[in-house]
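Since every read-out is calculated from the coordinates, none of them should be taken as a lab result. Here the structure is a predicted model, which is why all the values come from computation and not from measurement. A quick note on method: Cβ atoms are made from the backbone with ideal geometry, for glycine too, and the neighbour counts reach across all protein chains shown.
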Amino acid sequence: MRRLLLLTLTLCCMSMAHAQMWGVKPVKVETSIKEASSTEAVITFVATIKDGWHMYSTEPMDGPTPTTLHMEKMTGAQLDGALTYAGKPVKHFEAMFSTDVFYFEKTATFRQKLKLLGGKYEVEGYLEYGACNDQNCTPPTAVDFSFSGEAKPQKKEEPKASPSQGNAPPAPTASDAAQTPTNSALSPDSAFLADANPASTADSDSVAVFVQGEDDAEWEPRIDYSTPVDGSLTEGSLVLLFALGFIGGLIALLTPCVWPIIPMTVSFFLKRGTNKNSSPEEKAAAKKRGIRDAILYGLSIIVIYVALGLVITAIFGPSALNDLATNAVFNLLFFFMLLIFGISFIGGFELTLPSKWNTAVDKKASTTTGLLSIFLMAFTLVLVSFSCTGPIIGFLLVEVATSNILGPGPVIGMLGFAIALALPFTLFALFPQWLNAMPKSGNWMNVVKVTLGFVELAFALKFFSVADLSYHWGLLDREVFLSLWIALAALLGCYLIGWIRFPHDEEEYDEMGNVVLHQKTSVVRFFMALVSFAFAIYMLPGLWGAPLKAISAFAPPMKTQDFNLAPKQEVKPMFTDYEEGMLYAKEHHMPVMIDFTGYGCVNCRKMEAAVFTDTEVADIMRNKYVLIQLYVDDKTKLSEPIVVDDNGSKRKLRTVGDRWSYLQSSKFDASTQPFYVLADHQGNLLEQPYSYDEDIPRFLKWLNSGLDRYSQNSR
């Protein structure tokens, strides 16, 4: 027993190690220069990209930030062509911007050729890039570089005149190269390059001063709450996932594959080694062994399911499941998986593992003794009950994948599921008299199973909707989605009332042995049907544009609604400058909402379209907060570059967007968008920052929580 406990704890602890695999920055870029000859050098940028993230290529795009090269100082050399890349970027149509975008995954390599003019040379500048995953985007990020060296002088040759031209054209300048497309197969058609000799004080050693006086406190870090950005773990999220797994385990207990096995297994443990002629002492000893074996049996079930969760975590990594959540292909796989499970649960067919697996494990369990025998008995239960527990486990893993819970999510979910499944075997062994109070097996278990089938079919549509939006099929617009959910809810109500029957529903007979056509509806089924019919009626107004906040996180966005009678709300920022907004908040004693966004941030636009347009959300943001919207990719040049200390390294701020990006990283320890902050007029946080999540009720709760805390602090 100690060994099983130790093994269970070890499996859980091992899974936690997967949560710390990457730092904050999703892209790391290394720069180098190599002199190919006395007249030519190549600057190389090698980017390592975190799993699930992508770095945009050099193609000009209407939205995301492309990778561009900016030269600030160049002597003894000049650009030779445009910035090129190695390999072929992924091409993807981005519906939010109605254009194709090009990006790299895993790794990316960019090169810039230089023509050396002889003697000493010095080049200085920065590579700017944008990166996104399915949840967030980073602000335009600059990678500074500075190289110097000495090249052998070139042999000057007289230009030869061509038959049609008198003199050869002069050598291209840096600005000419910025506008001249390269013919390289690795190059895009054009690239954005800054002028080689900017009239700015790029070498300035000035320190960042963003406010009127150094005593202004709005820029000081005020990270008083944990800020889970990029899907970082929180205690509450893991508890929620554990609770979800526990509920799934309790539901699995009520299925026909598990419930009838409980009394049989417990009775076997309690009566093993005894007979009617056994003495009281022998029966007491047998009971103690039975309790011990039942506890070991339950622990074995926990070990098996936790090991399954650990294997899934090890295969996919700590964040891969989450990264797959908005991947169109995997959403289709989720759709088909839940569709198959749902059809199986309503009686279409039976999902079973190969019978020889069950036979082999059962035979092995009967020929062994001790701990191994009990473990194999538990493994037999897992195999035999797969047709009922498999769909529930699959649904649980899909929920892990589509939530923002990373790290040991599958393990925590499986732990909750296994504890709920194993608990009855231990409790009934400790209190065998409870077995007499257990409800008898019957058609009610099949009702539970069919109800779960309807739920799985409904959620299958949710995952098909994600793929439909990604591929622009237009098959599952919001009203089509709602129509199917309304039909499923109504049909479930009809089944619970008894108007619909499925093949594996048991027949009921009267005293004469005749089939009862009009079966009685139990009180429990009546209230379940009432809830199902009420839910169908609740969704009906959504066909004409009602927001349906209770299911807004599942339904397609409102923009896919063809017929919408609801007036569209629009929230415009009061300020796009941080100091101006904070000054206004001080004068009017109002809380502020800071929206760190970007012109090229896809998910920022999704939040604005799906959440900010909600009537209640728009009213709160417009009337109860000072909304400050800061674009981290604003290319407006600062009057002069500013050098700041960013986590121990020097960083040069050149644009307004750089300034807001630095504010976000230095004050709030975050670097992705969208990123929303609630603060008082002194810059103190009112609530945990909010990232991309189109759950309108959750966003409303977050806004109201900030208002409540501001009201409390103002007293």
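Can you list the residues, at least 5 places off or on another chain, whose amide H is less than 5 Å from the amide H of Leu653, using H built in the peptide plane?
Long-range HN contacts for Leu653: Ile642, Val643, Val644.
At a 10 angstrom cut-off on C-beta neighbours, averaged per residue, how do the peptides 578-591, 107-120 rank from highest to lowest?
Ranked from most to least packed, the peptides come out as 107-120, 578-591.
Which entries in the list Lys88/Lys115; Lys549/Lys624; Lys88/Lys652; Lys91/Lys650; Lys50/Lys701 go over 23 Å, if you measure between the two C-alpha atoms of each?
Lys88/Lys115; Lys88/Lys652; Lys91/Lys650; Lys50/Lys701
What residues qualify as long-range amide H neighbours of Tyr121, i.e. H under 5 Å apart, gap of 5 or more or another chain, H built at 1.01 Å from N?
Placed amide hydrogens put Gly149, Glu150, Ala151 under 5 Å from Tyr121.
Using modelled amide H (1.01 Å from N, peptide plane; none on Pro or chain starts), what sits under 5 Å from the amide H of Tyr85, excluding residues fewer than 5 places away?
Here the answer is Arg111, Ser187, since their amide H atoms fall under 5 Å of that of Tyr85.
May I ask you to evaluate 6.51 cos²θ - 1.76 cosθ + 1.60, the Karplus curve with θ = phi - 60°, for each residue of the range 650-665 and list the ³J(HN,Hα) values in order in whole Hz, giving x for glycine and proline?
Karplus-based 3J(HN,Hα) across the range 650-665 equals 7, 9, 9, 8, 10, 10, 4, x, 4, 5, 6, 5, 5, 4, 5, 6 Hz.
I need the peptides 602-613, 299-310 ranked by packing, meaning the mean over residues of other C-beta atoms within 10 angstrom, with the highest value on top.
Going from most to least packed, we get 299-310, 602-613.
Quick check on my link table: of Lys28/Lys667; Lys73/Lys637; Lys73/Lys635; Lys25/Lys462; Lys25/Lys113, which ones sit more than 24 Å apart, alpha carbon to alpha carbon?
Exceeds cut-off: Lys25/Lys462; Lys25/Lys113.
What ³J(HN,Hα) values, in whole Hz, does the Karplus curve 6.51 cos²θ - 1.76 cosθ + 1.60 give for the range 446-463 when θ = phi - 60°, with x put for Gly and Pro?
Karplus-based 3J(HN,Hα) across the range 446-463 equals 5, 5, 4, 5, 5, 4, 4, x, 4, 4, 5, 5, 5, 6, 4, 5, 4, 6 Hz.
What list do you get for His70, His681, His54 if you sort them by fewest beta carbons within 10 Å?
By the 10 Å Cβ count, ascending: His70, His681, His54.
If neighbour count is taken as other Cβ atoms inside 10 Å, put Ser666, Ser148, Ser279, Ser532 in order from fewest to most.
With the fewest neighbours first, Ser666, Ser148, Ser279, Ser532 line up as Ser279, Ser148, Ser666, Ser532.
Please rank Trp544, Trp259, Trp444, fewest neighbouring Cβ atoms within 10 Å first, as an exposure proxy.
Listed from fewest to most nearby Cβ atoms, that is Trp544, Trp444, Trp259.
In whole Hz, with x marking every Gly and Pro, tabulate ³J(HN,Hα) for the range 30-40 from phi via Karplus 6.51 cos²θ - 1.76 cosθ + 1.60, θ = phi - 60°.
Per-residue couplings from phi come out as 10, 10, 7, 9, 9, 7, 6, 7, 6, 10, 9 Hz.
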